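The values are calculated or read from the model by the stated rules, or taken from the named source; none is laboratory data. Here the structure is a predicted model, which is why all the values come from computation and not from measurement. Using ideal geometry, Cβ is built from the backbone for each residue, glycine included, and neighbour counts are taken over all protein chains shown. Heavy atoms of the whole protein, side chains included, go into the accessibility calculation; ligands, DNA and RNA do not. Shrake-Rupley method; radii C 1.70, N 1.55, O 1.52, S 1.80 Å.
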Amino acid sequence: EVQLQASGGGLVQAGGSLRLSCVVSGTTLNDHTIGWFRQVPGKEREGVSCVTSRDGSTYYADSMKGRFTISSDNAKNAVYLQMNSLKPEDTAVYYCAASLGCFYSDSVVHFYGMDYWGKGTQVTVSS
């Protein structure tokens, strides 16, 4: 069974940094595209970033570019999201997910064939 465990969230002041981790089990980074989406209550989920299983390409939503960096460690079967220069509008529950693939379009990241995601980790950025 594919499982994804996200961790690393917390409370940080605007301008601060957090590093989120996603440990993947039941599949590998070569078999699934792993990415992050976030969701605020009452709003639709928003694709944040992803790294493709096809060739390791990375994509970011426009609002994340220059601030967030996704990386992977095949030996640990883990994906990370380094978040810098955090803003209050980044406050959300962040989920890591496994999908068939992802792409960038209309300023955001989209996932297709997204079959698995974990519980998520809360990120709160104060003013």
Fill in: Accessible surface, the stretch 42-127, averaged per residue in Å² (probe 1.4 Å)
51 Å²
Response to the item:
From most to least accessible, 1.4 Å probe, no ligand or DNA/RNA atoms counted, TRP36, TRP117 line up as TRP117, TRP36
Discussion item. Per-residue counts of other Cβ atoms within 10 Å, averaged by peptide: what ranking do you get for 49-57, 12-20, highest first?
Written reply: 49-57, 12-20
Practice prompt. Net charge near ARG67: determine it from the other residues with C-beta under 12 Å of the C-beta of ARG67, scoring Lys and Arg +1 and Asp and Glu -1.
Written response: -1
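Taking the Cα centre of the chain as origin, work out the dipole magnitude from +1 charges on Lys and Arg Cβ and -1 charges on Asp and Glu Cβ, in debye rounded to 20.
320 debye
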Worksheet item: Any idea of TYR112's accessible area? Nearest 10 Å², probe 1.4 Å.
Response: 100 Å²
Worksheet entry | Computed lengthening from ARG45 to PHE103, 0.36 nm per intervening residue step minus Cα-Cα distance | 19.3 nm
Worksheet item: What share of the DSSP beta bridges in the chain is antiparallel, in percent to the nearest 5?
Response: 90 percent
Worksheet entry | All-pairs Cα distance distribution in the chain, expressed in whole percent, bin size 5 Å | 2, 12, 23, 27, 20, 11, 4, 1
